[in-house]
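Scroll down for the structure; my scribbles are underneath it.
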Amino acid sequence: MVLNPNGVMFGTDATVNVGGLIASTGMVDDSEFMAGDFSIAGASVGSISNQGIIKLSDGGLAAFIAPSVSNSGTITTDNGRICQRTVGDHCLERRSLRGCADAGVNGWLDRQ
């Protein structure tokens, strides 16, 4: 999980190989996180931008949660899901991520 209220950028030389990735301009309450609650609140400014290569493991999830989300890079996964949520100043709960489609969301997902 990468959280930065000013934004998150994966530049053109970025290569990320992970099981799953959540990037957001919102915040997670520390005590709730330690209790297993991954609710993200306050993603009201900043942006998420991917210009690099993000590779998820089999069945992995990539979620990008910010008021502005852009992708000019590549995100790949086998049997995984990609979720883009552009949100205002409200809470995105873990259950919202469960509904992410595993077919391309706005052209973001490249199946191998």
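Quick look at the numbers
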| read-out | value |
| --- | --- |
| Tally, over the stretch 52-69, of residues that are surrounded by fewer than 16 Cβ atoms within 10 Å (Cβ to Cβ) and within 18 Å of residue 3 (Cα to Cα) | 1 |
| Test: residue 87 is buried (at least 20 other Cβ atoms within 10 Å of the Cβ) and either hydrophobic (A, V, I, L, M, F, W, C) or modelled with pLDDT under 75 (or both) | yes |
| Whichever residue in the stretch 7-44 is hydroxyl-bearing (Ser, Thr, Tyr) and part of a loop (DSSP other than H, G, I, E, B) and, among such residues, is surrounded by the most Cβ atoms within 10 Å (Cβ to Cβ) | 25 |
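The values are calculated or read from the model by the stated rules, or taken from the named source; none is laboratory data. Please read these numbers as outputs of a predicted model, since none were measured by experiment. Backbone-built Cβ (ideal geometry, glycine too); neighbour counts: all protein chains shown.
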